[in-house]
1. Scan (1) within 16 Å of the ligand (Cβ to nearest atom); (2) open to solvent by 20 Å² or more (accessible area, probe 1.4 Å); (3) of a type in the set (D, E, K, R) for the single condition Asp256 breaks and write down its number.
2. Those residues that are outside any strand (DSSP E or B), more than 10 Å from the ligand (Cβ to nearest atom) and either open to solvent by less than 30 Å² (accessible area, probe 1.4 Å) or basic (Lys, Arg) (or both), I need them from the range 142-159; list them, please.
3. Can you find a residue in the range 21-31 that is out of contact with any Phe, Trp or Tyr (no Cβ under 8 Å at 6 or more places or on another chain), open to solvent by less than 30 Å² (accessible area, probe 1.4 Å) and not aromatic (Phe, Trp, Tyr)?
4. Say we look at the range 145-184 and pick out the residues that are among the polar types (S, T, N, Q) and over 21 Å from Asn92 (Cβ atoms); which of these is nearest to the chain's Cα centre (by Cα)?
5. Please tell me if Arg364 is within 30 Å of Ala99 (Cβ to Cβ) and not assigned by TED's automatic domain parsing to the domain that holds Leu70.
6. Which members of the range 440-453 meet the condition of being more than 14 Å from Val385 (Cβ to Cβ) and not hydroxyl-bearing (Ser, Thr, Tyr)?
7. Any idea how many residues of the range 231-241 are within 16 Å of the ligand (Cβ to nearest atom) and open to solvent by less than 50 Å² (accessible area, probe 1.4 Å)?
8. Would a scan of the range 367-377 turn up a residue that is out of contact with any helix residue (DSSP H, G or I) (no Cβ under 6 Å at 6 or more places or on another chain) and modelled with pLDDT under 95?
Amino acid sequence: MEEKEKVLLARIPAVHQLAEELARKHPGHPEVFYTRAARKTAERLRREVLQGEREALDPEEIRRVAEEVLSGILRPHLRRVINATGVVVHTNLGRSPLAEEALEEILAVARGYSNLEYRLAEGRRGSRYEHVSGLLRELTGAEEALVVNNNAAAVLITLNTLARGREVIVSRGELVEIGGSFRMPEVMAWAGCVLREVGTTNRTHLRDYEAAINENTALLMKVHKSNYAIVGFTREVSGAELVALGRRYGLPVVEDLGSGCLVDFSRYGLRREPTVQEVVRSGVDVVTFSGDKLLGAPQAGIIVGRRELVERIRQNPLNRALRIDKLTLAGLEATLRLYLDEKLAVEKIPTLRLILKPPEKVRREARRLKNLLSRAGLPGFSFAVVPTVCRTGGGALPVADLPSYAVAVNSERFSAEELHERLRVGEPPVVGRIEEDRFLLEVRTIFPEEFPLVVKALKRLINHA
Ligand SMILES: *Cc1c(COP(=O)(O)O)cnc(C)c1O
């Protein structure tokens with residue numbers, strides 16, 4: 001070892017000393033974080049000195065490295081990321097961002113006690129479902145409503161209650177896999193039902209359902225084709241046709257709507273999707289859908305339909321295992337309230353706002369982000385606004401494309417892959433996408449207040465490379 005290295009190594013303080021200093025300057029965290037940060041700092045400095053990467057080492061620099069290491073350790077594992085993918089309802093990125101109104105209610109309920117299962121006026125036990133069932137009845141027109149942990153749970157408990165040990169008839173064209181192991185045939189099996197597939201992948205007729213009905217049939221079921229479309233020579237039986245068939249044989253019809261929206265998107269120039277209200281009006285007996293897809297609420301599974309059936313589902317002992325928690329209920333109630341006035345819903349619920357943002361507005365925002373980046377003094381980088389196509393995602397409007405704009409990032413130093421990877425692990429993490437060897441920041445899903453953070457993330461990437 002050279003003399004210079006020995007001198008530098010001797011300047012690295014003892015771990016306990018470094019840990020004490022960090023604890024003094026940044027109090028309030030578990031002890032173990034300070035020792036861990038001190039040990040990592042010492043190891044990192046020693047390695048850098050031995051690899052000849054350090055010409056000097058003063059206390060100021062040691063403190064800077066230690067604080068950087070500590071801030072990494074203090075960062076929560078689950079944290080905010082910037083969604084520059086353009087997919088609005090992105091399951092891996094937490095699906096729906098919540099409206100301010102929802103956040104406020106969640107905070108208020110989380111901070112203290114609440115009337116979760118208590119009727120204040122009567123001073124006796126109440127039910128957690130009462131907080132949203134009235135709103136859901138009003139918004140969907142259904143007789144009764146129930147909420148559970150997520151839509152997978154809603155489907156599971158509905159099938160288990162109404163068809164355990166009996167047959168459920170489903171079209172082969174609707175035996176979906178949603179991803180994350182939600183596959184309709186498997187859910188049927190876990191619910192204790194026997195799946196009766198009818199028709200073919202591309203064509204199912206009403207007579208196929210009718211021919212499969214026997215004394216052990218419990219339900220006719222329809223599943224929304226969330227993440228794919230069957231095009232070409234196709235035939236699908238509508239909910240209304242199934243309802244007519246079900247009535248003739250005394251069989252309830254259940255529809256898993258997947259995303260389930262309360263707003264008619266065709267009024268805003270997007271592809272038409274049946275709303276929950278329409279499906280209820282068509283006579284379908286039980287409808288299930290997600291809280292955190294197109295609805296833009298927290299994760300939840302919503303079950304609406306005929307009173308007698310929903311009541312039986314509520315009483316299923318599984319309901320206790322699948323039940324919704326109070327924070328979700330608080331956020332869901334606040335979000336549903338906004339739907340009482342559609343103008344408020346599309347203005348204040350981020351998921352709706354992002355989907356319905358006109359392409360021209362996205363373009364203006366893209367120009368603004370591009371200008372911020374161009375003026376940030378990032379050497380070797382250039383930026384351009386490019387037209388793109390985004391997706392709604394989350395098993396909604398599966399084949400509907402949203403015309404949009406992105407900022408393409410071009411660098412002399414980093415490939416598109418490198419940019420993609422380094423921004424993902426940066427601070428804050430930015431998840432973009434690559435198209436035709438170009439790294440894109442899709443602007444539709446970046447909130448304008450996040451633009452300075454995107455600039456910061458790119459600056460850090462250059463400084464840390
Ligand atoms: C998304 C989806 C589900 C699962 O809903 P979660 O809320 O994610 O549990 C079930 N069925 C369909 C058709 C879906 O699109």
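1. (2)
2. Of the range 142-159, the ones outside any strand (DSSP E or B) are 142-143, 149-159.
In the following step, the residues that additionally are more than 10 Å from the ligand (Cβ to nearest atom) were identified as 142-143, 157-159.
Answer for the range 142-159, where residues must be outside any strand (DSSP E or B), more than 10 Å from the ligand (Cβ to nearest atom) and either open to solvent by less than 30 Å² (accessible area, probe 1.4 Å) or basic (Lys, Arg) (or both): Ala142, Ile157, Thr158, Leu159.
3. No, the conditions are met nowhere in the range 21-31.
4. The first filter runs over the range 145-184 and keeps only residues among the polar types (S, T, N, Q), leaving 149-151, 158, 160-161, 171, 181.
Filter once more, keeping what is over 21 Å from Asn92 (Cβ atoms): 158, 160-161, 171.
Working: Thr158: 23, Asn160: 26, Thr161: 28, Ser171: 28 Å.
Ranking the qualifying residues of the range 145-184, first place goes to Thr158.
5. The answer is yes for Arg364.
6. Restricting attention to the range 440-453, the residues satisfying the condition of being more than 14 Å from Val385 (Cβ to Cβ) are 445, 447-450, 452-453.
Answer for the range 440-453, where residues must be more than 14 Å from Val385 (Cβ to Cβ) and not hydroxyl-bearing (Ser, Thr, Tyr): Phe447, Pro448, Glu449, Glu450, Pro452, Leu453.
7. Taking the range 231-241 as the starting set, the residues that turn out to be within 16 Å of the ligand (Cβ to nearest atom) are 236, 239.
Retained after the next criterion (residues that are open to solvent by less than 50 Å² (accessible area, probe 1.4 Å)): 239.
Residues meeting the conditions: 1.
8. Yes, the range 367-377 has at least one match.
The values are calculated or read from the model by the stated rules, or taken from the named source; none is laboratory data. These numbers come from a predicted model, not from an experiment. Methodologically, a virtual Cβ is constructed for each residue, glycine included, from the backbone with ideal geometry; neighbour enumeration extends over all protein chains shown. The accessibility values were calculated without ligands, DNA or RNA, using every heavy atom of the protein model including side chains. Shrake-Rupley method; radii C 1.70, N 1.55, O 1.52, S 1.80 Å.
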